[in-house]
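The values are calculated or read from the model by the stated rules, or taken from the named source; none is laboratory data. As the structure is a computational prediction, the values presented were derived from the model and not from experiment. Backbone-built Cβ (ideal geometry, glycine too); neighbour counts: all protein chains shown.
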Amino acid sequence: MAGSETGGLTTEFVYRNLSMGAVALSLGSGLLPAAQAATFTVTNLNDAGAGSLRQAIEDANGAAGADVIDFQAGLTGTIMLTTGQLSITDSVDIQGPGAADLSVSGNNSSRVFYLYNGSSVLDVTMSGLTITNGSANIGAGIIDFDENLTLDGVAISGNASTGDGAGLWADGFNMNLTIRNSVLSGNVSGDDGGGIYIEDTGGPLLIENTVVSGNTAADKGGGIYFYDPDDDLITRDSTIVGNSAGNLGGGVYLYSPDSGVVTVERSTISGNTAASGGGVYFYSPDHGMVIENTTVSGNTASGAGGGIVLYNLYNGALRHSTIADNTAGTASGAGMDLNADTLVVENTVIANNLAAGSGSDLGGGGTFDATYSLIRDVAGANVTDSGGNVFNTDPQLGPLQDNGGTTFTHMPGGLASPLINAGDPAFVAPPSVDQRGAPRVSDGRVDIGAVERADSAVQFDAATLSVAEDGASILVTVTRSDTFGAASVDYATSDAGATAGADYTATAGTLNFADGQASASFSVPILDDALLEGDENFQVDLSNPSANLRLGTPAQVVVTITDVEAGTVQLDSATYSVAESAGTLTVTVDRINGSDGAVSVDYATTNGSATAGADYSASAGTLSFADGQTSASFNVPILDDGLVEADETFTVSLSNPMGGAALGTPVMATATILDDEVAGTLAFVDASASVTESAGVLTVSVQRSGGSDGAVQVDFGTSDGSAVSPADFTAVLGSLMWADGESGIKTFNIPIANDGIDEPDEAFTVILSNVQGGAALGSATLPVTIINSASAPAAIPAPQVIPASDQPARGLLALLVAFAAWFGLRRRSGGALGLALLAATLFAGDITSAEAAPKAVRATPVFAVGTVVSVDGRSGLTSLQLVGGKALSIAPQHVSVTDRRIDRASVGGVKRLADLVAGQVVLVKYRVGDASEYKLWLYSSEIEANAEMARKQERRQHEADRR
């Protein structure tokens, strides 16, 4: 029934005050025992077994002394009883974590706690628990058979009994009972005592700072039923609200105490209902009764005594209390119905109660002995005016509401209320305070009723205020303690760290209250100076209140201007780098020079040498910062294209700051994607190479090392040196290629020419160039040396002289002019190239080499090695001496008469024989098909020199033509 109206007091107020501590209801607190023999800890919410509450109680029952049962930290929820009530047979202190955190439920099938020893009086304390959903014939929540019981911070709710005491049932001549800081609500009894049923006591019974609300009894005592107590009953600083009884005492029923004084003080009994005694029904409290600083309001009885019924009273007093707005179904006694003896009424207001539509505030056969009290309607009542009373006058009470303190009260409606300063001028405390705990006397004289109204005070509604620097203005509110009449008060601002004109606008004026107006406000403009600075203060003071006001507390408010700087957003670096294989580049944006409020900034990427979609994924968006957040990041995906390439870049930029933030520096950064494919290095395997003329070919090796990413290639070629192409080698051009992932050595060949000339070693260079695919070029030149393979000419015997006059010898001269020896000796084939013939001194006469060849063949069909042969008696031919070795068989192109060497050695193919001073003649045999032919070649040092000169001149011309 949270928030429901119960005679002006709402359960919302009750529970709000509980949570604020206004009723000092510390539901999480427990009472430490005087001594503790052992501590047992509940570790789970199970009904039974190890770690359960039931097991802990059984362990405590079996252990000597006043044991403690506590609960494992963080254990919250509901313990659902499935195997019956929890029986306590030894002294114990059960310390729960808090009534809002832990409940013990009877599961609507059993009582929750059963306290009984039978041989000694136990001391049982419970705190920090909710006891709920118990079900039994009596005492569904707790049943206590003559054991001392203290409940502190306990909630007993939702229990039901077919008989008495649905929430708590206690009976015994030895027991003491204390209920503090607790709530008993929503319990339903089939007989008496919906919330509490107490029968007999062995010592004082105290209910303090406790709420009894919404309980129901079919017969008597909807909230509380006291039967035949044997000691003092005290209800203090408590609220009994919204309970109902089918018969007597909707809030409280008391029956015939054997001894002790019944005291109700600083409490509110409101919104309860019954057939008689809607709020309170006291039967025969003949050992003394005092109701003091208490409000009984808004209760209803279908019969007599809407507020209070006192039956067979002896020695009772009603002091400093308010009995108002109660209703009775009979013609009198709406506020109180007194049916015996005399009740002393002092400084009390009884007014605005309604009986049978219009009856009096008081009724019954007893006498009200009133002093300095206000009774609005005394008709039909026995009232003795003992002085200072006010009759038949409206007290001008305000509504039942929170006027401070732990309970709701009626405040006199204004300074003109007849209750103000109308109490006994000779009043001497006690009580020293009113129902709220405020000083009982104000302005020199006590007021009538439960609440002492001080002069109407005007004050700020808070002692401190704060406003953000960008908040534009702050609203300052001033309240007054009553709303009677018009009133005014001045206000003004002053510096207290903040500077008027720079941080705020100085403000001053008069604040006016209309009649009935409880608060008024004014604004102070706040200036945003856009500086990064600390919080700054200014203050506002009240002064010069009107005659019906006084300055209350606080009369000064300190206003704090909290520095609000959204700050500057910028990239945390002007450059970023990321490996291509990393997958992501994280870019961080810093927020500096302030972090107040939520801000955002847009970001985007732009192509550089890197291309979105190929090297990275284009990224754009909005980066958000929460209030107080100083750093945020976004990611740019990096794409690994698998290519060997140079590092590439793109740009990251910030723009469009929102929320008050500004752009700092840098707002643009260059991001470099580091290529991590390694194509490797291409280089010659050898630093240099050499090859003999006779080898015929040079194999060159090129190696890929240090990486194999990507396909690569390199061009190769040759460059003449002292060796020239094609005379000494064949020039080559080409490319070598390695596939992606391939490494190692690749080769190419260079043909080497064997020119047969005895000459110095010659050199040329092989060059690598034009590397593609990202590979590096290592050693790119390879010096090559061609090692000479020719031997020096064989020694030639002294020449045989052929007379010049021997004309028939022209055939022999033609044979000599064939120059057969030149080729063989030039090539130096092992020094055994052919036959050395005798040289002769030649006579004058011309002959071409073309003429000589066929004649020579015809003239020399057969030669044997190492012999002197005659040639069939040719005229003029004597003989030829053959000198060691054997004939050389070579390919025809190398020995034809028109061979390049002999032709180049001659001038126009003609040479005067007389000019050949000395020379060598070599017989060369070569094969043509199955037949052998022989030719004689003449080798002359002069011809050789001329031939070498011609070759070099030809090479130079060839190189010039290539360039």
*What are the residues in the range 620-639 that are within 20 Å of G583 (Cβ to Cβ) and at pLDDT below 95, if any?*
I638, L639
*asked:* Out of E759, E742, I need the residue that is charged (D, E, K, R), assigned to a loop (DSSP other than H, G, I, E, B) and either within 30 Å of D641 (Cα to Cα) or modelled with pLDDT of 95 or more (or both). Which one?
replied: E742
*asked:* Which of the numbered conditions does F408 fail, given that it passes all the others? Conditions: (1) more than 28 Å from N315 (Cβ to Cβ); (2) more than 60 Å from the chain's Cα centre (by Cα); (3) at pLDDT 95 or above; (4) not small (G, A, S).
replied: (2)
_Subset of the range 544-556 [at negative phi, in contact with a strand residue (DSSP E or B) (Cβ under 7 Å, 6 or more places away or on another chain) and surrounded by fewer than 19 Cβ atoms within 10 Å (Cβ to Cβ)]_ = S546, R550, L551, T553, P554, Q556
*Among the strands (runs of 3 or more DSSP E) contained in the range 293-353, which hold 2 or more residues that are farther than 20 Å from N272 by Cβ and touching a residue at least 24 places away in the same chain (Cβ under 8 Å)?*
316-319, 342-346
*Given (1) crowded, with 22+ Cβ neighbours inside 10 Å; (2) more than 60 Å from the chain's Cα centre (by Cα), where does S302 come up short, assuming only one miss?*
(1)
*Does A739 satisfy the condition of being surrounded by 16 or more Cβ atoms within 10 Å (Cβ to Cβ) and among the aliphatic types (A, V, I, L, M)?*
no
*Only one of these conditions is not met by L206: (1) within 54 Å of the chain's Cα centre (by Cα); (2) buried (at least 24 other Cβ atoms within 10 Å of the Cβ). Which number is it?*
(2)
_Members of the range 187-209 found to be outside any strand (DSSP E or B), under 26 Å from S259 (Cα atoms) and either touching a Leu at 6+ places or on another chain (Cβ under 7 Å) or of a type in the set (G, A, S) (or both), listed by number_ = G193, G194, G195, T201, G202, G203, N209
*Here are some conditions: (1) under 17 Å from A301 (Cβ atoms); (2) of a type outside the set (F, W, Y); (3) modelled with pLDDT of 95 or more. A355 meets all but one. Which one does it not meet?*
(3)
*Mind counting the residues in the range 674-689 that are more than 19 Å from A731 (Cβ to Cβ) and either among the hydrophobic types (A, V, I, L, M, F, W, C) or part of a strand (DSSP E or B) (or both)?*
8
*Which residue, of D101, D67, is of a type in the set (D, E), under 43 Å from the mean Cα position of the chain (by Cα) and under 19 Å from V42 (Cα atoms)?*
D101
*Looking at D495, D482, D541, D528, which is the one that is surrounded by 14 or more Cβ atoms within 10 Å (Cβ to Cβ), over 17 Å from A462 (Cβ atoms) and either in the same structural domain as S595 (by TED's automatic domain parsing) or modelled with pLDDT of 85 or more (or both)?*
D495
*Go through the range 414-428 residue by residue and tally those that are modelled with pLDDT of 90 or more, of a type outside the set (F, W, Y) and on the phi < 0 side of the Ramachandran plot.*
9
*Within the range 651-665, identify whether any single residue is under 19 Å from A574 (Cβ atoms), in contact with a Phe, Trp or Tyr (Cβ under 6 Å, 6 or more places away or on another chain) and buried (at least 17 other Cβ atoms within 10 Å of the Cβ), and answer yes or no.*
yes
*Which strands (runs of 3 or more DSSP E) does the range 55-165 wholly contain that include 3 or more residues that are without any contact (Cβ under 8 Å) to a residue 60 or more places away in the chain, in the same structural domain as V183 (by TED's automatic domain parsing) and farther than 27 Å from D231 by Cβ?*
67-71, 77-80, 102-105
*Among what's in the range 670-688 and is buried (at least 18 other Cβ atoms within 10 Å of the Cβ) and among the aliphatic types (A, V, I, L, M), pick the residue that is nearest to A775 (Cα to Cα).*
A679
*Is the range 690-699 home to any residue that is part of a loop (DSSP other than H, G, I, E, B), in contact (Cβ under 8 Å) with a residue 12 or more places away in the chain, surrounded by fewer than 21 Cβ atoms within 10 Å (Cβ to Cβ) and of a type outside the set (A, V, I, L, M, F, W, C)?*
yes
*Please state which one of L736, L698, L782 is of a type in the set (A, V, I, L, M) and under 30 Å from D641 (Cα atoms).*
L736
*For residues that are modelled with pLDDT of 95 or more and not in a loop (DSSP other than H, G, I, E, B), tally how many sit in the range 548-569.*
4
_Qualifying position, being within 30 Å of D482 (Cα to Cα), touching a strand residue (DSSP E or B) at 6+ places or on another chain (Cβ under 7 Å), surrounded by 15 or more Cβ atoms within 10 Å (Cβ to Cβ) and touching a residue at least 40 places away in the same chain (Cβ under 8 Å), among V578, V601, V589, V559_ = V559
